[in-house]
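Right, one structure below, let's go through it.
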Amino acid sequence: MARTLLFPQGFFWGTATSAHQVEGNNIYSDWWKAEQEGKVPHKSQRACDSYNRYEEDFDLAKAMHNNAYRFSIEWARIEPQEGKFQEEEIEHYRRVIRAAKERGLEPFVTLHHYTVPQWFAEKGGWTHKKAPEYFERYVQFVVERLGNDARYWVTINEPLILLVKGYGSGSFPPFKRNNFLGMLQATFTMIKAHKRAYKVIHDRNPEAKVGVAHAINYLESSGGIFHVLQIPVVFVLRYVKDQWFLDQIKNSQDFIGVNHYRRIKFSFRRGSFTEGDILSDFGWEVYPRGMYHVVKSLQRFKLPIFITENGIANAKDDHRSAFIVEHLQELHKAIEEGADVRGYFHWSLLDNFEWAEGFHMKFGLVEVDFETLERRPRPSANTYAEICRTSSLEIDS
């Protein structure tokens, strides 16, 4: 027997992208430079050319009955040289915001999504003592001009992922491996940078809502003979990776952004690993119940929650519809139990440049032919469109 799960009135349904991954020709950024120098295996080049095709993209989002869209402003375009700001780029993003709103899409604007200007990186990036000041200056320039055009702002996307990949594994700029001192320095400068940005945005628009998008995947013990001993370790790891940063900015956030993709298991013998019956093309386990656990764990902060990213790399599109439905079912369960969840953004609207994986990982509800740049909605786009249209789920009870 079918049952209808209704989402709260005013719920935001959207998709998400980031500038470097879809705009193309981001020539003043640290990632672009790394691509040209061969420090990462793939080049973004023109990506999806969304810098020029954003209206076409917004038409696709509108056709899916979305009422919100999350995107990022590229710092390297706004300030390609230190202290030299580009008014024409601000006007470009003003047009982007206007085009989104004309289609009924509420803009959720991210100010930093992994990439930084080359000049900032050359100074030491987030380890430089003046990094919070540089970020504040950039944010000030943006919000002075766009602060009344958008209500929702994400200051930094996935700070801890950026820190771990940049200073731990060395797979992201600045490509430092096992540089734990650098990681620690960058962590605290990012915290300061967020707090400064939060104040700048609220000084310009007191009604604005500001937060950070955190990567929060569900971690649990793998079981086995060491299960009892692994549980306290998992408890500590969950706090460090999921909630410590939130505690550091607890008086400087109006909502919590959650980027949730998978379950990760932990054992003393294997460390962190992934296994499961269904894996994405990335090798990530599809585990919808993780959405419920993650959202419930954040209720202690007593803040609105937005799922700022949730998606699957699935070129065949044979798991994406079920992925969406099952994760939203778990999200609804958390809402029924009191979680204040205000919106869901699927990652992603488009196939895009997936960082070190290049164009191989297909996260899009819309397929992109990177030779012709033709956009073709996948069958899963129809699934998501119907959910967005009705703001509900039809499930078998």
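None of the figures in this text is laboratory data; all of them are computed from the coordinates on show. These numbers were taken from a predicted model, which means no experiment stands behind them. Cβ: placed from backbone, ideal geometry, glycine included. Neighbour counts: every protein chain shown.
General observations
- Among PHE306, PHE188, sorting on how many other beta-carbon atoms sit within 10 Å of each Cβ, with the fewest leading, yields PHE188, PHE306.
- Think of the range 1-82 as a dipole: +1 on every Lys or Arg Cβ, -1 on every Asp or Glu Cβ, centred on the Cα centre; then among ASN26, ALA2, LEU60, ALA2 lies furthest on the positive end.
- Residues in the range 65-70 carry Karplus couplings, in order, of 6, 5, 10, 7, 8, 9 Hz; the curve used is 6.51 cos²θ - 1.76 cosθ + 1.60 with θ = phi - 60°, and Gly or Pro positions show x.
- With Rh defined as the Kirkwood radius, the inverse of the mean 1/r over Cα pairs, the Rg/Rh of the range 1-130 is 1.07.
- Under the span-like rule (Cα at least 30 Å along the axis, Kyte-Doolittle mean at least -1.0), DSSP H helices of the chain: 180-204
- Proximity of backbone amide H atoms, modeled 1.01 Å from N, is registered between VAL341 and ILE305 at under 5 Å, excluding neighbours fewer than 5 places apart on the same chain.
- Cα lying deepest toward the dipole's positive end in the chain, options VAL96, TYR261, ASN251, charges on Cβ: ASN251
- Contour excess over end-to-end distance, with Cα ends at PHE370 and HIS227 and 0.36 nm allotted per residue: 46.9 nm
- Most positive-pole-ward Cα, HIS202, GLN36, HIS346, against dipole of the chain from beta carbon charges: HIS202
- LYS130-GLU56 FRET efficiency (beta carbon distance; Förster radius 30 Å; 0.05 resolution): 0.15
- Between PHE85 and LYS123, the modelled labels are 1.5 nm apart [label points 7 Å from Cα along Cα→Cβ].
- Average projection area in nm² (convex hull over Cα atoms of the chain, one quarter of hull surface): 18.8 nm²
- Rounded to the nearest 20 debye, the dipole magnitude of the chain is 1300 debye, with +1 charges on Lys and Arg beta carbons, -1 on Asp and Glu beta carbons, and the Cα centre as origin.
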